[in-house]
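First the structure, in the form of C-alpha cells, and then the observations on it.
The values are calculated or read from the model by the stated rules, or taken from the named source; none is laboratory data. The structure displayed is predicted, hence computed values, not measured ones. Positions of Cβ are generated from backbone atoms using ideal geometry, with glycine treated the same way; all protein chains shown enter the neighbour counts.
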Amino acid sequence: MCANRKHTANELEKYIKLYLEEGKNIPELKNDFGLLLGHTAFRETVIRYQAYGELALQSQTEKRHYSKEFKEKVIQEHLQDGIPLTQLARKYQLPSNQTARRWLIKYTRGEEMRSYTPLRKLMATIVQTCDDYKGIYGYRRMTIYLNHFLQAQVNHKCVYRLMRLAGLKAVIRRKRYTYRPHNPTHVAENILNRDFQTSYPPMTVLMTDVTELKYGTSSKAYLSAILDYGTNKIVAFQLSKHNNNALVMATVNQTKTQLIPTKTLLHSDRGFQYTSHSFRQFTQTHQLIQSMSRVGKCIDNGPMENFWGIIKEEMYRLKSYTSFEELERDITHYIIFYNTQRVTLKMGLSIPT
C-alpha cells in the first residue's frame, strides 16, 4: 500500500471488526493487516462506528465536496432533531463544526440549496408572520400561532432556531407607570384584592382604566377601556381628546346591557373619574359591586395595566401618529385583533392533536 492512500469503507470496517470482535490490537493491525491510521485516529474511527455505524465510515472516504441534498440533511437534523453541530460534524466526518455552521447561514439566507424543503417554507412563513404582525411575536407565541392557526405541527425549539438565525426578535415591552395623587369624593374597598388566580365567568369581574396617548407634534388623546377578566377581552373602549368624566361614562355605558346586577364587580383605580358622583350613581343604578385599588398600588389593577403595556408596545409605539382619526382607527383594529386573533402563551406550546 502507498503511504498516502486512504482506506475504503470496507477496509475500515474489516479493521474495526478485527479490533472489536477478534481482539486484535492496533500494532497487529498495522504490521499484519496494513492499517495506515495512527492509534488516535483509529480509536476515533472506532468510536464513530460504534455510534453511527457504516455511515461514519462512508463519509470519511468522500472528497471534500458535499451535495446539496447532503447539506440539507445535516441542517434538518440540527434544526428539527436538535442535534448540535459539533456532534453532526463528528457523525459525518466534516472538517469542523464551522463547516456545518456556514451551510446553516447560507441556508437561512437563501444563498444555497434553493430547492423546496419544509424548513425553507417554514422560514418563509415565520418571516411573513413577523411582517404581518409587526414583530410582536417571540418564538413561543410564534409557535402557538403556527400550530393553532396554520396547523404547522412544529416544535418551539425549531422555531427558536430559525428566528434566531433570521435575526427575528419580538418587540420588547417596557412598562411605564405614572401616578398623580388627588382628593377622591367616593371611594370603595379593594374587594378584588388581587385575586387573579381564580377563573371567573364572563362579565363577573370587569377592570377599567384610562391611559394617555400622543399624536401629532404635541396633541394628546385619552383611551378608556373595560377588560372582562374572565374572558380576557375588551368589552368597551372610548378614545377622546379630553380626560374627563364624560369619557369614562361613555365607556361604561357601552356595557349596560351586559352587566349582571349584584354579581358584576367593577374594579378601577382611584382616579378622579371613578370617584365622581356620576360614576358612583352608575354603579348604584346597575347594582354593581365597586372595587378600587389601594392608593399608589397600580398592581391591584394589574391585568388592566398589562393590557396598556401590550397595546402600546404591539401597536402604538410601532409608528408615529399624525392625526386623532389615524390613532382611533388603529386602536379599533387592534382591539378587534386582540379579542379574536391575538396569540397568548396560555394557549400552550403543545402541538394540537
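Quick rundown of the values:
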item	result
Lone unmet requirement of (1) assigned to a loop (DSSP other than H, G, I, E, B); (2) in contact (Cβ under 8 Å) with a residue 40 or more places away in the chain for residue 266	(1)
Answer residue from the range 114-124, given it is surrounded by fewer than 18 Cβ atoms within 10 Å (Cβ to Cβ) and not basic (Lys, Arg) and is farthest from residue 76 (Cα to Cα) among those	124
Residues of the range 231-262 satisfying the condition of being touching a residue at least 60 places away in the same chain (Cβ under 8 Å) and on the phi < 0 side of the Ramachandran plot	233, 234, 237, 239, 241
Residue within the range 67-87 that is small (Gly, Ala, Ser) and modelled with pLDDT under 70 present	no
Residues located in the range 298-319, provided they are crowded, with 19+ Cβ neighbours inside 10 Å and not in a helix (DSSP H, G or I)	315
Any hit, the range 320-338, residues being under 20 Å from residue 136 (Cβ atoms) and assigned to a loop (DSSP other than H, G, I, E, B)	yes
Selected residue (only one of 260, 289, 299, 310 is over 29 Å from residue 219 (Cβ atoms), under 31 Å from the mean Cα position of the chain (by Cα) and not charged (D, E, K, R))	299
All positions within the range 141-155 that are part of a helix (DSSP H, G or I) and surrounded by fewer than 18 Cβ atoms within 10 Å (Cβ to Cβ)	148, 149
Residue tally, condition exposed (fewer than 14 other Cβ atoms within 10 Å of the Cβ) and modelled with pLDDT of 80 or more, over the range 170-190	2
Selection from the range 189-230 of residues that are among the acidic types (Asp, Glu), in contact (Cβ under 8 Å) with a residue 60 or more places away in the chain and not assigned by TED's automatic domain parsing to the domain that holds residue 261	189
Only one of 342, 294 that is in a loop (DSSP other than H, G, I, E, B), assigned by TED's automatic domain parsing to the domain that holds residue 240 and closer than 22 Å to residue 145 by Cα	342
